[in-house]
Amino acid sequence: MEAYRRQHPDQPMLLTFFSPSGYEVRKDYGGADAVCYLPLDTPRNVRRFLDAVHPKMAFFVKYDIWYNYLNQLHRRHIPTYLFSAIFRPGQYFFKPWGRWFGGQIKSCYSRIFVQNEESLHLLQGLGISQCSIAADTRFDRVGQIAQKAASDSVVEQWLNATEDGSIVLVAGSSWPPDESLLARLMVEDERPMRLIVAPHEVNSEHVEQIERLFPSSLRYSQIASGDVQPDASQRTLIIDNVGKLSQLYRYGAIAYIGGGFGVGIHNILEAITFGLPVVFGPNYAKFQEAHDIIALGGGWSISTYEELTGVVVPLLADPARLNTPSEICREYISSHVGGTDAILRSLEA
């Protein structure tokens, strides 16, 4: 969005989200003229929404393939694009009973930008020719985050109070199954480690649950308000707000990415861009970057507590072992930037 706006500063932009996890973080985003929820994909909702907005172009990201939106945008002759997309053989578009939707994709998109060769070949197998490969635009975004990451006085106050030479593990977008594993690790492993937990949901009930799991913990808000001064015993910092996680990976040596025991892992690129090797649960099949980083040696998937300790404990015992996977992560990011420019060049052409 920001790159397109630099080229077309006079074109207004509307940014929509389907879920609160995106909307709550970006509802005040200044890079768009307006931010709102995307109405549910029903024929009536879509007609009313497009009548109100009158878009000249429409962009969808990754998996956001909505039948009624595609149909109405096509009927209204509005150029429509999908970027950072990944397709897999198991998706219903490629099954005999889903071919009708494959035909919808073929006729409705002006262009589709996919992340890998497999996706390209799958689309071409449906007779879709208006597709090409462009790296996930998140690589460009996380590279910018790493370059512009600001220090956080609250986190640094906690780090200074607990400093003992131990490494810091950052748990990003964690869920209860992730937190239970990490709590056991903090209790059972004798090697020193400090933990920053940034849960995916920061409602009071979940934060209180984390506090029970980690008795020697402190909330970010308690330090920020001046209510509590951290001390050496408080080895777990709970980030009880949203929007800070991507900046906080700069303080870690290892990252644990949550969601892998649910529907799927959260963003691992935000950690990798800071050179943090990543650990995550077993449900990562939909994420190309997770497959890549495991194959390269910069990340690990775990399914049990024993597998978690098998990865983390050797790194705690000898932090020098982090050097190689850390360099792998940085190189992986630097070798995949440029997707945004490739998409813009195609649009301009």
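The values are calculated or read from the model by the stated rules, or taken from the named source; none is laboratory data. Fair warning: this is a prediction, and the values are worked out from it, not measured in the lab. Because the Cβ atoms are built from the backbone with ideal geometry, glycine has one as well, and the counts that use them run over all protein chains shown.
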Looking at the stretch 319-330, can you tell me whether even one residue there is within 15 Å of the chain's Cα centre (by Cα) and free of Cβ contacts under 8 Å to residues at least 40 places away in the same chain?
no
Note on the stretch 43-56: residues loosely packed, with under 11 Cβ neighbours inside 10 Å and touching a residue at least 12 places away in the same chain (Cβ under 8 Å) are 56
Hey, does the stretch 96-111 have a residue that's outside the structural domain of residue 240 (by TED's automatic domain parsing) and of a type in the set (A, V, I, L, M)?
yes
Could you look through the stretch 121-142, keep only residues that are surrounded by fewer than 17 Cβ atoms within 10 Å (Cβ to Cβ) and in contact with a helix residue (DSSP H, G or I) (Cβ under 9 Å, 6 or more places away or on another chain), and pick out the one that is farthest from residue 336 (Cα to Cα)?
127
Can you list residue pairs whose Cβ atoms sit under 6 Å apart, with the first residue in the stretch 100-111 being in contact (Cβ under 8 Å) with a residue 40 or more places away in the chain and the second being loosely packed, with under 15 Cβ neighbours inside 10 Å? Count only pairs 6 or more apart in sequence or on different chains.
111/130
Leading residue by the ranking (nearest to residue 67 (Cα to Cα)) among those in the stretch 3-42 that are in contact with a Ser or Thr (Cβ under 7 Å, 6 or more places away or on another chain), without any contact (Cβ under 8 Å) to a residue 40 or more places away in the chain and of a type outside the set (Ser, Thr, Tyr):
38
Can you name the residue in the stretch 92-120 that is more than 19 Å from residue 346 (Cβ to Cβ) and at pLDDT 85 or above and, of all such residues, is surrounded by the most Cβ atoms within 10 Å (Cβ to Cβ)?
118
Can you name the number of the only condition in (1) in the same structural domain as residue 97 (by TED's automatic domain parsing); (2) on the phi < 0 side of the Ramachandran plot that residue 163 fails?
(1)
Return the only residue of 3, 58, 34 being closer than 19 Å to residue 109 by Cα and within 23 Å of the chain's Cα centre (by Cα).
58
